[in-house]
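Let me begin by presenting the structure, written as structure tokens, before commenting on it.
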Amino acid sequence: MNQRIIYPTDDGVAIIVPADCGLTIEELAAKDVPQGKPYKIVDVSDIPTDRTFRNAWEFKA
Amino acid sequence: MANVINGTSTGSGGLIQTGDDSGVLNIQTNETTAITVDASQNVGIGTTSPDALLTVNTIASFGAGAAATPSIAAKGDLNTGVFFPAADTLAASTGGSERMRIDSSGNFQFNSGYGSVATAFGCRAWVNFNGTGVVAIRASGNVSSITDNGTGQYTVNYTTAMPDTNYSVVGATNSDSRTVSIGNLVASNSAMRTTNSGGALEDQTLIAIAVFR
């Protein structure tokens, strides 16, 4: 699945990496995003490959 | 239904043959067909249309048997098959020795080099993923996703949640002197961290997690 789900956390941003489990990206968001958190579904190409400053990443709706 | 079956004999044996040209033999009691032998010599019990050499339409019951003499065995290999060592219990043997069992509580037990037939505890979830670059899952079972929470910080989300939080998580990485440690365990997911030899959070290229319960 070439999509990711991102949502804000107290420390920055969390990125959900889907497994091949038979659920759609929307079903995964409903299941694995903490209740009440806003989230975005993005293309995997939108995720930076350089994690040097991973903990400084921020969520932008 | 008259004159359906003819009886005759040859030598010391016996023979029952159909009295018509259908090639089918039906044996009835109380005016209901109990056994059918069709024109292809397939035998049906409880059915007049057997689709194999022996077809039993409802339940067939067998004696308990034993490991050396299983109730259901292969032709020419009578010490290999299925038997019933106790009530509500199913077992299988090969070469006359018990190899596996499903007990009355539903526990699956097997030998497979253990030395005796004992309860096997299943791996309830597993995942192998790359925690560097764009985090990616290589393969998994009963894992719906990994949440990348930051450098060396992940959550493993289960497709089917654990029955409680008293499960065991085993983790490993392919880097020397690196550590995989678990954080908060809840039924639906497990938090985990990967650290370097100095204890600082660090991403790893191969992280493998297995969950047992």
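Each reported figure results from applying straightforward, stated rules to the coordinates on display, with no laboratory input. Computed from a prediction, not measured in an experiment: that's the story for all the values here. Using ideal geometry, Cβ is built from the backbone for each residue, glycine included, and neighbour counts are taken over all protein chains shown.
What to note about this one:
- Estimated vicinal HN-Hα couplings, Hz - segment B:104-119 in sequence order (Karplus 6.51, -1.76, 1.60; Gly, Pro = x): 5, 8, x, 6, 8, 10, 8, 9, 6, x, 6, x, 7, 7, 9, 4
- Of the trypsin sites (Lys or Arg not before Pro) in segment B:49-106, those whose Cβ has at most 12 other Cβ within 10 Å and which sit in DSSP loop: B:LYS75
- Its Kirkwood hydrodynamic radius, worked out from the mean inverse distance over all distinct Cα pairs, puts chain A at 12.1 Å.
- Net +/- balance of residues flanking A:LEU23 in space, Cβ distance below 13 Å, scoring K and R +1, D and E -1: -3
- Taking Lys and Arg as +1 and Asp and Glu as -1, the other residues whose beta-carbon sits under 13 Å from that of B:ASN26 total -3.
- Built amide H within the under 5 Å cut-off of B:ALA125, gap 5+: B:VAL211
- For segment A:5-61, the list of chymotrypsin sites (Phe, Trp or Tyr not before Pro) that fall in a loop by DSSP and count at most 11 other C-beta atoms within 10 angstrom reads A:PHE53.
- Built from the Cα atoms of chain B, the convex hull projects on average onto 20.6 nm², one quarter of its surface area.
- Straight-distance crosslink candidates among lysines, where the alpha carbon sits under 21 Å from A:LYS31 and sequence neighbours closer than 8 are dropped: A:LYS40
- For chain A, trypsin sites (Lys or Arg not before Pro) are listed when DSSP marks them as loop and at most 12 other Cβ atoms sit within 10 Å of their Cβ; the list is A:LYS60.
- The Cβ shell under 12 Å around B:SER144 holds other residues with a net charge of -2, Lys and Arg each +1, Asp and Glu each -1.
- Cα centroid of segment B:127-149 to Cα centroid of segment B:36-114, whole Å: 43 Å
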